[in-house]
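Peer 1: To start, I am sharing the structure in question, which I have written as structure tokens.
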Amino acid sequence: MTTSPGTVESTTAVSGRLRTVLSAGERPARATAVSATMTHLWRAMMAFKHFPVQLIDIVLMPLIFLLMFTYLFGGAFADSTEEYLQFYLPGVTVQAVVMMTVYTGTSLNTDIHKGVFDRFRTLPFWQPATLAGSLLGDVLRYVVALATTVSLGLLLGFRPDGGFLGVVGAILVLIVFGFSVSWIFAALGVVASEPERVSGTSMIVLYPLLFMSNIFVMPETMPGWMQAIVDANPMSHAATASRELMHGTAGFWDVGLVLCVSAGLVAVFAPLTMRLYRNKNAH
């Protein structure tokens, strides 16, 4: 098959014009770490729009636990359901936040197995922005879960002695705590073989920690060996801080201990997660 000289000249002319057009424009500036993180944060927030079913877990699960434990077991755990609500609601907010931290690992692992991770790897942006954006996006989940849980508690008769500032303080502390815990499941999401492994392993770890804490009952009612476990449980520290802040009796150490635990979790698991992510990035 032969090509006429006119066709060759036409193709050459088109290629020349195309190169001229492409070279005339300025190359877009490379995304900064902050802008890349904000883009992935926006992507995480858009998940609510495209997958609104996740709101069921975020909203309904804390409400179900609040109603079930208050009205099924409240009379047995305390003198009345009203008295138990004052004790339990600050604790269930810890559960509401911690259960949401699993989404970080499952969404990251889903991206890896669907090939989205491979696509991101070819793009010229700060690669850890994928992790940072997802973790910041989880803050919205925490806010929604905490707002709905506290609002229902107020409707049921919960009255925080610490007032509005006490409730806001407790919410802020729990957001920091949830952010630190989410790094654990982000690391798990990078190395897990499939998303189901992330959620399954997370539940095996979280439920014993949540139930072996002071979220549901006072440790004084437990055997001595169980009290020692409960007192050392980070979930108990978070529940105590939330409870004391909402009721206006928080001391410096109540809040400081939770913040120290949160800082320790970030110091350990954030570098570990970044390293695992970079190593996967390199393969």
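Peer 1: Given the conditions (1) open to solvent by 50 Å² or more (accessible area, probe 1.4 Å); (2) modelled with pLDDT under 90; (3) more than 20 Å from residue 109 (Cα to Cα), report the number of the one that residue 263 does not fulfil.
Peer 2: It is condition (2) that residue 263 fails.
Peer 1: If you go through the range 198-252, how many residues are farther than 18 Å from residue 146 by Cα and among the acidic types (Asp, Glu)?
Peer 2: Matching residues across the range 198-252 total 2.
Peer 1: Taking the stated definitions as given, is residue 240 open to solvent by 60 Å² or more (accessible area, probe 1.4 Å) and either over 21 Å from the mean Cα position of the chain (by Cα) or among the polar types (S, T, N, Q) (or both)?
Peer 2: no
Peer 1: Within the range 124-179, can you find the residues that are open to solvent by 40 Å² or more (accessible area, probe 1.4 Å), of a type in the set (Phe, Trp, Tyr) and under 12 Å from the mean Cα position of the chain (by Cα)?
Peer 2: 179, the sole residue that qualifies.
Peer 1: Here is a follow-up. From 212, 226, 222, grab the single residue that is free of Cβ contacts under 8 Å to residues at least 60 places away in the same chain, among the hydrophobic types (A, V, I, L, M, F, W, C), in contact with a helix residue (DSSP H, G or I) (Cβ under 8 Å, 6 or more places away or on another chain) and open to solvent by 60 Å² or more (accessible area, probe 1.4 Å).
Peer 2: 212
Peer 1: Just to be sure, is residue 198 open to solvent by 20 Å² or more (accessible area, probe 1.4 Å), within 19 Å of the chain's Cα centre (by Cα) and aliphatic (A, V, I, L, M)?
Peer 2: no
Peer 1: Tell me, please, whether a residue that is under 26 Å from residue 115 (Cα atoms), touching a residue at least 60 places away in the same chain (Cβ under 8 Å), in a loop (DSSP other than H, G, I, E, B) and of a type in the set (A, V, I, L, M, F, W, C) can be found in the range 186-203.
Peer 2: Yes, because at least one residue in the range 186-203 is under 26 Å from residue 115 (Cα atoms), touching a residue at least 60 places away in the same chain (Cβ under 8 Å), in a loop (DSSP other than H, G, I, E, B) and of a type in the set (A, V, I, L, M, F, W, C).
Peer 1: Give me a count of the residues in the range 124-175 that are part of a loop (DSSP other than H, G, I, E, B) and touching a Gly at 6+ places or on another chain (Cβ under 7 Å).
Peer 2: Looking only at that region, the number is 3.
Peer 1: List the helices (runs of 4 or more DSSP H) inside the range 1-120, counting only whole elements, that have at least 2 residues being at pLDDT below 85 and closer than 30 Å to residue 277 by Cα.
Peer 2: 33-50, 102-114
Peer 1: Looking at the range 83-115 only, could you name the residues that are on the phi < 0 side of the Ramachandran plot and exposed (fewer than 15 other Cβ atoms within 10 Å of the Cβ)?
Peer 2: 83, 113, 114
Peer 1: Taking the options 190, 205, name whichever one is aliphatic (A, V, I, L, M), modelled with pLDDT under 90 and open to solvent by less than 60 Å² (accessible area, probe 1.4 Å).
Peer 2: The conditions single out 190.
The values are calculated or read from the model by the stated rules, or taken from the named source; none is laboratory data. Predicted, not measured: the structure shown is a model, and the values here were computed from it. Glycine also receives a Cβ, built like all others from the backbone with ideal geometry; neighbour counts cover every protein chain displayed. For accessibility, only protein heavy atoms count, side chains too; no ligands or nucleic acids. Shrake-Rupley method; radii C 1.70, N 1.55, O 1.52, S 1.80 Å.
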